[in-house]
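Values quoted throughout were computed directly from the atomic coordinates according to the rules given, and no laboratory measurement underlies them. Please read these numbers as outputs of a predicted model, since none were measured by experiment. Here the Cβ positions follow ideal geometry from the backbone for every residue, glycine too, while neighbour counts run over all protein chains shown.
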Amino acid sequence: MYSSSSSNNATPRPLTTPFNGIPPLISTNQLSAALQRMQTKTGPIAIDTERANNYRYHDRAYLIQLKFGAPAKKEEIFLLDPLVIQTQISALQNILHTEWILHSASQDLPYLLPLGFSPTQIFDTEMAGLLLGFPKVGLQSLVAQTLGYHLAKEHSSADWSARPLPENMRAYAALDVELLHPLRAVLTTRLQETQRWEWFEQECTHILNSPLPTPNPEPWRRITSKLHIRDLRSIAILQKLWEAREHLAQAQDIPTHKVIDAEILGLLALAKPRSLADTKRARALRNRVLRQNAPYWWEAIKSAWEIPYSQLQPIRPNTSKSGFPTLPKWKEQRPDALFRLTQIRYALTMQAETLGIRAELLLRPAIQKQLAWEDWDSLTTFANRATELGARPWQISQTLTALQNFD
C-alpha cells in the first residue's frame with residue numbers, strides 16, 4: 001500500500017539533538033514550575049518511556065518523556081523521573097488526561113497506566129504504519145520515510161536507571177517524542193486518503209481497552225522444550241531452580257540472566273544432583289564463579305526431590321492457553337479443524353496481499369485457531385464468534401470478504 005513520494009526519496013537528514021536543545025531531567029525542585037508550564041499546554045501529548053530491562057530486575061519505567069502540542073520545533077520536551085513525580089502525581093494525572101501520541105502503545109501503556117495516568121484516547125504511530133502497509137514500522141524508519149529525518153537511536157539498550165543521565169542519553173530520549181506530532185499529522189492524512197481511518201480508530205480503541213499483560217505462570221516451560229527435558233523430576237528441579245533465581249535477582253535488583261543463564265539451570269536440572277557434592281561437580285556449573293552459588297542451588301534442588309512423584313508437573317501442559325490441544329495434535333485429533341484453519345490462513349493471506357498489509361493484522365492467529373477448532377455453520381455464526389473473541393468490525397468485514405472470495 002505504501003509508496004514513497006518523490007520528496008522522501010532523498011537521503012534522510014540526520015537529527016541527533018532536539019530542535020530546542022537537550023532538555024534536563026526535571027528535579028524535585030523543578031517539578032512544580034514544570035507542572036505549571038504543562039498546565040498551559042493544549043492538544044495531544046507525545047509520550048514515551050525508557051526502561052532498564054538489561055540492568056534491573058524490576059520491569060518499570062525509569063524515564064517518561066512528554067511533548068505537548070505543535071509545531072514540533074517550538075514546544076518544550078519534559079523528561080520526568082517516575083520516582084520524582086510521585087510527590088505531585090495527582091496534578092500530572094490530571095494534565096495527562098487527554099489524547100496521547102505513542103509509538104507502539106502496547107509497549108508503553110503497561111508502564112504508564114499503573115502510575116494512574118489515563119489517556120482519553122491514543123494515536124499509535126506504529127499501528128498507523130502497519131495499516132498503511134509500510135515495509136518497516138519502527139519509529140526511526142517511519143520518521144525517515146515520511147518526514148525525511150534520520151533519528152539517532154544508539155542508546156536503546158542503555159541503563160535508564162542511571163543517575164545522573166548523561167547529555168547524550170537525554171538527547172536520545174527527547175528525540176523519541178520530538179517528531180511524533182508531525183508524524184501523527186502525516187499518518188492521519190494517509191489513513192484518511194486510503195479510507196483506513198476507521199480501521200485505525202478501532203485498533204487504537206482496542207489497544208487502549210485491552211487488559212494489561214499477565215506474567216507467564218510457567219516460564220520455565222520454554223527451557224524444557226528447548227532442551228527436550230522429558231523427565232518429571234528434572235522438570236520439578238528446573239521449576240525450583242527458576243524460582244530460586246527469581247528470588248536472588250529480585251533481592252539484588254538485577255536481571256535474572258545476570259544471576260545465571262536459563263539454559264544452565266536446564267542443564268543442571270537434567271543432571272538431577274542428589275547432594276551438594278553432586279551439585280558442585282555438575283558440568284553445568286563449569287566454572288568457579290558459577291560454583292560459588294552451588295549451596296544455594298542445592299537447596300532449591302533438594303526441595304524438588306521432596307515433592308511426591310504423584311504431584312510432579314506433567315511434561316507439558318495438557319492444553320494450550322486457548323483450551324484446545326496444541327497445534328501438532330490437530331491432525332490426529334481434529335483433522336476437520338486443521339482443514340478449516342488451513343482455509344482461513346490461505347484466504348487471509350490472499351486478502352492481505354491485496355490490501356498490502358500483514359496477514360496477522362486481519363485476524364490474530366489465536367482467533368483463527370479458535371474459530372477453526374469450534375467450527376461454524378454460516379458466515380454469520382463465524383462473524384458473531386469472532387466478535388466475542390475480540391476481533392474488530394473492520395477485521396471481521398475483511399475476513400468475511402476473504403472467505404467469500406476463497407469459496
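The residue list 333, 376, 142 was ranked by how far each Cα lies along the charge dipole of the chain toward its positive end, using unit charges on Cβ atoms, and 333 comes out on top.
How high is the FRET efficiency between residue 156 and residue 40 when r is their beta carbon distance and R₀ equals 41 Å, given to the nearest 0.05? That pair, residue 156 with residue 40, gives E of 0.80.
Summarising the amide proton neighbourhood of residue 122: residues at separation of 5 or more, or on other chains, whose placed amide H is nearer than 5 Å comprise 100. In loop segments of segment 234-314 as defined by DSSP, the GluC sites (Glu not before Pro) with at most 13 further C-beta atoms inside 10 Å of their C-beta are 306.
Which shape class applies to segment 29-139: rounded if a/c is under 1.5, otherwise prolate when a/b exceeds b/c and oblate if not, where a ≥ b ≥ c are the square roots of the Cα gyration tensor eigenvalues? Display every interim value, and only then the final one.
On the way: a/c = 1.89, a/b = 1.23, b/c = 1.54.
In terms of gyration-tensor shape, oblate.
Once every DSSP H run of n ≥ 4 in the chain is given -39500 (n - 2.57) and the sum is divided by its residues, what mean residue ellipticity at 222 nm do you get, rounded to the nearest 500 deg cm²/dmol?
Working: 21 runs with 206 residues, N = 407.
That comes out to -15000 deg cm²/dmol.
Within the shell of other residues whose beta carbon sits under 15 angstrom from the beta carbon of residue 258, the net charge comes to -4, with Lys and Arg scored +1 and Asp and Glu -1. The modelled label-to-label distance between residue 288 and residue 28, using points 7 Å beyond Cα along the C-beta direction, is 4.3 nm. Scanning the chain for trypsin sites (Lys or Arg not before Pro) lying in DSSP loops with no more than 15 further Cβ atoms inside 10 Å, the longest uninterrupted stretch between such sites is 154-229.
List the pairs from 226/272; 226/302; 329/369 whose alpha-carbon separation is above 22 Å, in the order I gave them. Listed pairs above 22 Å: 226/302.
Determine the dipole magnitude for the chain: charges of +1 sit on the beta-carbon of Lys and Arg, -1 on that of Asp and Glu, nothing else is charged, the reference point is the Cα centre, and the result goes in debye to the nearest 20.
Working: 45 positive and 38 negative charges, 329 e Å.
Its charge dipole is roughly 1580 debye.
Quick check on segment 119-160: take the gyration tensor over C-alpha atoms, sort the square-rooted eigenvalues as a ≥ b ≥ c, and tell me if it's rounded (a/c under 1.5), prolate or oblate. Provide the component values of the computation, followed by the final result.
Details: a/c = 2.14, a/b = 1.22, b/c = 1.76.
Oblate, since a/c reaches 1.5 and b/c is not below a/b.
Given (i) 21; (ii) 15; (iii) 28 as candidate values of percent of Cα pairs over 43 Å apart, which corresponds to the one derived from the coordinates? Recomputing percent of Cα pairs over 43 Å apart here picks out (iii). Sticking with the crude label model, points 7 Å out along Cα→Cβ, report the distance from residue 94 to residue 247 in nm, one decimal please. Going by the 7 Å Cα→Cβ label model, 4.6 nm.
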